[in-house]
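Here, each number is a calculation from the coordinates, and none is a lab measurement. This one's a predicted model, so the numbers in the text were calculated from it and none came from an experiment. Here the Cβ positions follow ideal geometry from the backbone for every residue, glycine too, while neighbour counts run over all protein chains shown.
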Amino acid sequence: MNNKTSNFKQSIKRNMYKWHRTIGLITVIPVIFWTLSGLMHPFLSNWFKPQIAHQILVQKPIDKGQIKLTLQDVLLKNNIQEFKNFRIVNFDQQTYYQLKSIKGDLQYFNTTTGIVLSNGDERYAEYLARYFIADRSSKIKSITVQTGFSQQYKYVNRYLPVWKVSFNRKDAMDVYVETASSQLATFNTDARKTFLWLFDNFHSWSFLEAISNNTFKTCVMVVLLSIITLSALSGILIYGVLWKKFKKPKQGSKIGFLRLYHRQIGICISLLTLTFAFSGAYHVMNKLNTNTIQNVVYQPNINLSELKIPNNILNLDLDRLNNISLVKFKKQVYFQVFYNKTEDMPDEIIYINAKDSSKLNNGNLEYAKFLANKFENKSEDTDEPEMECCTSNVTENDICKAKLIKTSVLYKFDDREYGFVFKRLPVVKLTYNTPNHTNLYIDTKTSRLAAKIADADRYEGYSFAFLHKFHYLDWAGKNFRDFFILLAALLILTVSLLGLMIFIKK
């Protein structure tokens, strides 16, 4: 009986080593890919990140001297009866009504003459790109409209459609701008393009998606990350918990030296390996659902006949006026007026009825609530989404069955839920008492859903932020946090290479 027990224990020991070695060999190449590309990230996202002259377009008060024609004058002059929206832009020392047609394209009409600017949107895109990089002399290599995300323009940039403006410079600068909001989406130099390609293929494994689909890529990555987790757990069991039960490596031998450091470093960083693998798998699985939030926008057609009050007699504070636009909700059209912050007054958005010039009380909040109902019910054939609320298909987590319990306006990103990756500011935050604690973030300026956050999104976000990107070290500064990530990835790479060397030596 004792012999059988002894043989069984010996078999378990041999198989433990064998299983640990086998699963380690399966994942050694993926670990090398992930750690090397992870090592690059702090360098090119922080320490050697390319700089740009301007991150935002500084909005100056509108030059009232250049606005000789009202919007209605321009529409009549150009025989336009229906459109989606307008706003005012200034570039090349001229002021224009930027008009969004019912087809969705942007046209530019001079506010003095009413004449349409030829290739206006392309010219405005070039102006913005040159402004952001402070370059008025370099030649344009190409300028194109991009309507989808790509390897160099990732989903994290959010804005679509955008103009991609490529400059003929030593750094081969590409600038992506959204002309509809005068925003910088992102910019890429040659070095950043190379990093994006390497990170995309060696960390995100986009090459698998290119040869198959996102589901296949996700499954492969989750399986490998699960195996890495098993490898780490088996290593903890063998080299930590049961180390005294196993035969020690011979002193002075090459394998003994390698195994000693493989064991010591592996035990020290085992928790980091587990957190990297778990949070990575969780993050990847979350991407199985295609996110189309960039397409969630409310853009009804507006008829010229609905504008009873000319935009030049709205009794506006022209010294504070940043811009002016239109919104349509609850069967009414309003001028949406944006005021700049001053020493005495905050940033402000007011709503003036286009029929009788009356001001709508709490207009921005009312419009945000309207958009929230509109977006959640996915109603496209009516301006009254409330009427279609609470149909038989509604679940307990839908907001039309819930109560709005809190509202607030965010003027800056926070570290808890609405981070800088969501891009849009300011936004109205609407909190509902759904079982999954739904928050909607509404960009009333562009009539878009900026973000929808529920418990599942929070759990994944916290997991990735704290277990993968170590945001619990933010108190020590970004440089320290990035250095710690760098060290962790380097040690995991070292353990994997030591294990590979042990296998080769044996």
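How large is the helix-only mean residue ellipticity at 222 nm for the chain, computed as the sum of -39500 (n - 2.57) over DSSP H runs with n ≥ 4, divided by its residue count, in deg cm²/dmol to the nearest 500?
Working: 11 runs with 188 residues, N = 506.
So the helix-based figure for the chain works out to -12500 deg cm²/dmol.
At a 10 Å Cβ-Cβ cut-off, how would you order ASP319, ASP482, fewest neighbours first? Provide the component values of the computation, followed by the final result.
Values: ASP319 11, ASP482 19.
Listed from fewest to most nearby Cβ atoms, that is ASP319, ASP482.
Over segment 197-240, what number does the Rg to Rh ratio reach, with both radii from the alpha-carbon atoms and Rh per Kirkwood?
When Rh is taken as the Kirkwood radius, the ratio is 1.18.
May I ask for the net charge around PHE335, where only other residues with Cβ less than 13 Å from the Cβ of PHE335 are counted and Lys, Arg are +1 while Asp, Glu are -1?
+3
Compare the peptides 64-75, 300-311 by average per-residue count of other Cβ atoms within 10 angstrom and give them in order, highest first.
The most tightly packed comes first, giving 64-75, 300-311.
With r defined as the distance between the Cβ atoms of LEU487 and ALA191 and R0 fixed at 25 Å, what FRET efficiency is calculated, to the nearest 0.05?
Working from the Cβ atoms, E equals 0.60.
What is the fewest-to-most order of TYR339, TYR459 by other Cβ atoms lying within 10 Å of their Cβ?
Numbers: TYR339 19, TYR459 12.
Listed from fewest to most nearby Cβ atoms, that is TYR459, TYR339.
For the chain, divide the Cα radius of gyration by the Kirkwood radius and give the resulting Rg/Rh value with two decimals. It would help to have the intermediate numbers written out before the result.
Values: Rg = 28.9 Å, Rh = 26.7 Å.
Value, to two decimals: 1.08.
Which angle from 0 to 90°, rounded to the nearest 10, does the C-alpha axis of helix 190-202 make with the longest principal axis of the chain?
50
Nothing charged except the Cβ atoms of Lys and Arg (+1) and of Asp and Glu (-1): what's the magnitude of the dipole of the chain about its Cα centre? Round to the nearest 20 debye.
3440
Set Lys and Arg Cβ to +1 and Asp and Glu Cβ to -1, take the dipole of segment 135-188 about its Cα centre, and tell me which of THR186, TYR159, ILE140 lies farthest positive.
Sorting the options by dipole projection puts first ILE140.
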